[in-house]
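Everything on this sheet refers to the single structure shown next.
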Amino acid sequence: MERKRGFQGLVMDIGVSEGNDTAYYLAKGFQVIAVEADPRMCRSLRLRFKREIESDILLLLNFAAGAKFGQTIDFLVHNKHQGI
């Protein structure tokens, strides 16, 4: 992600969830690197922030932290409280 002129700086949003913090940072003029582990939520975020992703002011990554790179992780989602 190349730094864009006129932006306030770069913010990393780890654990994006429904994306409200990401939306706030973008509205304040920051570029954002956003990381969300839940693949279903990530698909929803790609739709919500389609314009920002295409404009290269948001980089959305679907990653989770684990003990080893590339390791499969069991991921449980509480659908009622996840924001889907």
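Considering the stretch 1-52, and only residues there that are in contact with a Phe, Trp or Tyr (Cβ under 8 Å, 6 or more places away or on another chain) and among the aromatic types (Phe, Trp, Tyr), the residue that is modelled with the lowest pLDDT turns out to be Phe7. Scanning the stretch 57-76 for residues that are in contact (Cβ under 8 Å) with a residue 40 or more places away in the chain and either in contact with a Cys (Cβ under 7 Å, 6 or more places away or on another chain) or open to solvent by 60 Å² or more (accessible area, probe 1.4 Å) (or both) yields a total of 2. Among the residues making up the stretch 16-45, those that are closer than 22 Å to Ile73 by Cα and either basic (Lys, Arg) or surrounded by fewer than 13 Cβ atoms within 10 Å (Cβ to Cβ) (or both) are Pro39, Arg40, Arg43.
The values are calculated or read from the model by the stated rules, or taken from the named source; none is laboratory data. This is a predicted model, so every value here is computed, not measured. Cβ: placed from backbone, ideal geometry, glycine included. Neighbour counts: every protein chain shown. With ligands, DNA and RNA removed, areas are computed over all heavy atoms of the protein, side chains included. Shrake-Rupley method; radii C 1.70, N 1.55, O 1.52, S 1.80 Å.
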